[in-house]
Structure formats: C-alpha cells, structure tokens
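The values are calculated or read from the model by the stated rules, or taken from the named source; none is laboratory data. The structure displayed is predicted, hence computed values, not measured ones. Using ideal geometry, Cβ is built from the backbone for each residue, glycine included, and neighbour counts are taken over all protein chains shown. These area figures cover heavy atoms from the full protein model, side chains too; ligands, DNA and RNA do not enter into them. Shrake-Rupley method; radii C 1.70, N 1.55, O 1.52, S 1.80 Å.
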Amino acid sequence: MQQNIPLPSTGDAEQVIRTRLSHGRADWLWRVGIASLLASTVVALTPTGWEDVWVIGSWVPRALHVVGALLGIGVVSLIVGAGCRIVLADRGVPRPRRHWVRKVGTALVTAFVLLIACPLTALIAWLNSSNHFTVLPERNTTGCRLVVDEAAGSSGIGARVYVVPGGQHRAREVGYYVSDTRLVQAGRYELTWNGDSADLQIPNVDTNGPWLCPT
C-alpha cells in the first residue's frame, strides 16, 4: 500500500528560507566579530614585525592602530549580531535547530573571546599607548624629515629620533635623548636643516644632535 507523504506548501518553504537567511546574517556577524577579536589578540601578542618605523605622509602606523581597528570591528559585529537575534526572537522567528556539540563549541569560543582574549588585548594595547610619534613638518632640500618617538617611562620621557630620507618611507634611528615632558608633541622645539644635517633644539634638553640624513 503506497503511503502519501504530504509535501510542504510554497508558503512554508518560503518561511523556512527566510528563517535561515535571517539567522544566517546574525551568524555571519558573530563569525566576523569573533574572528576580528581573535585577530586583534594575535596582533597584540606578536612580538616581532613592528620594530621598524614607517612613515605614510605625517602618520606612523603601529600595531596599536591595527589592534584598535580589529577590536572595534569585533565589538560592533557582536553587538549588531546580538541585536539581530533579539529582533528575530521578538518577531517570533524560530531559530534553526543545531547539534548540541555546535552549541557548546560556540558558547565556549564566545566566552573565551569575551572573558580572556578581549580584556587581554585591551590591556596590551593600553600598555603600548605610551609611545607618541611626531613627524616634524620641516624638511631639507632633498625632502628628508625627522620623526621623534616620545615614550613615557618611570624616569621621564625617552625620545628616539629617526630620519626619513626624501622619497622613502622607512625611518632610520639616529639618536636618543630624555626629557621631562613631550615637548616635541607640544611644539616646543626648533629644527634647523643645514644641508643634510638636522639640528633639533629643545629648551633645557640635550638632544645629542645634530644628525645626518643619509641619501
């Protein structure tokens, strides 16, 4: 005897598709958020690859900027994804059934990122925020510039001086000095170029200059 199995109606099929698409968007946002937060942790914990100083215009990109961007993307994605789930639940849209292993794995990964990885990354980013790079606008005739990295320490401000040859982006360290405050950041300096020689004068500070800009 042949048994007739009822087929789902067109309306039911469309409802299933809409349900999967709606929850799929929320799941996609969750994946983006988790991946971004994990990536920010990897970048923050990477000890190499950021020692070199590169200058793009008047900006010195650092690992801190990458970590901050990834943290922002991750947090926003998780918040928007959670909001989508709340809206779907309020509208009575059922969530597709998933295996318990997947549910437990998702919960563990989310808890790890939010409770361990994210606070650790934020702490490392805050510890690395003491450095402040200033690209001095004064140039010599060949376009060479000076970059000063003023980092806060227990004994004051330790400043590293770099030169960027004209037409290049990679800075080269040439000197170091110590001051009480970030005087270069505050604009309390005087830079004089004499050919390829840079003389940086700061009130009551021995900068150990001048420095030669290589060609």
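Val178 versus (1) of a type in the set (Val, Ile, Thr); (2) under 17 Å from Val135 (Cα atoms); (3) surrounded by fewer than 17 Cβ atoms within 10 Å (Cβ to Cβ): which is the lone unmet condition?
Condition (2) is where Val178 drops out.
Condition first: part of a loop (DSSP other than H, G, I, E, B), farther than 24 Å from Leu71 by Cβ and polar (S, T, N, Q). Can you find one or more residues in segment 192-204 that meet it?
Within segment 192-204, one or more residues are part of a loop (DSSP other than H, G, I, E, B), farther than 24 Å from Leu71 by Cβ and polar (S, T, N, Q).
Does segment 119-126 contain at least one residue that is at pLDDT below 75, in contact with a helix residue (DSSP H, G or I) (Cβ under 6 Å, 6 or more places away or on another chain) and hydrophobic (A, V, I, L, M, F, W, C)?
Yes.
Would it be correct to say that Glu173 is among the acidic types (Asp, Glu), within 15 Å of Val55 (Cα to Cα) and assigned to a loop (DSSP other than H, G, I, E, B)?
no
Please find, within segment 149-174, the residue that is nearest to the chain's Cα centre (by Cα) out of those that are within 13 Å of Ser197 (Cα to Cα) and not aliphatic (A, V, I, L, M).
Applying the filter and picking the extreme gives Tyr162.
Name the one entry in Ala171, Ala152, Ala159 that is in contact with a Gly (Cβ under 9 Å, 6 or more places away or on another chain), touching a residue at least 12 places away in the same chain (Cβ under 8 Å) and buried (at least 19 other Cβ atoms within 10 Å of the Cβ).
From the options Ala171, Ala152, Ala159, the qualifying one is Ala159.
Leu123 passes all but one of (1) open to solvent by less than 20 Å² (accessible area, probe 1.4 Å); (2) closer than 30 Å to Ser40 by Cα; which number fails?
All conditions are met except number (1).
Out of all the residues in segment 141-155, is one or more in contact with a helix residue (DSSP H, G or I) (Cβ under 8 Å, 6 or more places away or on another chain) and not in a strand (DSSP E or B)?
The answer is no; no qualifying residue exists.
Quick one: is Ser197 out of contact with any His (no Cβ under 9 Å at 6 or more places or on another chain), modelled with pLDDT of 90 or more, among the polar types (S, T, N, Q) and surrounded by 13 or more Cβ atoms within 10 Å (Cβ to Cβ)? Walk me through it before giving the result.
Values: out of contact with any His (no Cβ under 9 Å at 6 or more places or on another chain): yes; modelled with pLDDT of 90 or more: yes; among the polar types (S, T, N, Q): yes; surrounded by 13 or more Cβ atoms within 10 Å (Cβ to Cβ): yes.
Criteria met by Ser197.
Looking for something among the aromatic types (Phe, Trp, Tyr) and modelled with pLDDT of 90 or more - is there at least one such residue anywhere in segment 158-168?
yes
In segment 133-148, what residues are within 27 Å of the chain's Cα centre (by Cα) and buried (at least 21 other Cβ atoms within 10 Å of the Cβ)?
Phe133, Arg145, Leu146, Val147, Val148
So in segment 33-69, with the set limited to residues that are in a helix (DSSP H, G or I) and without any contact (Cβ under 8 Å) to a residue 40 or more places away in the chain, which one is farthest from His169 (Cα to Cα)?
So the residue we want is Ala35.
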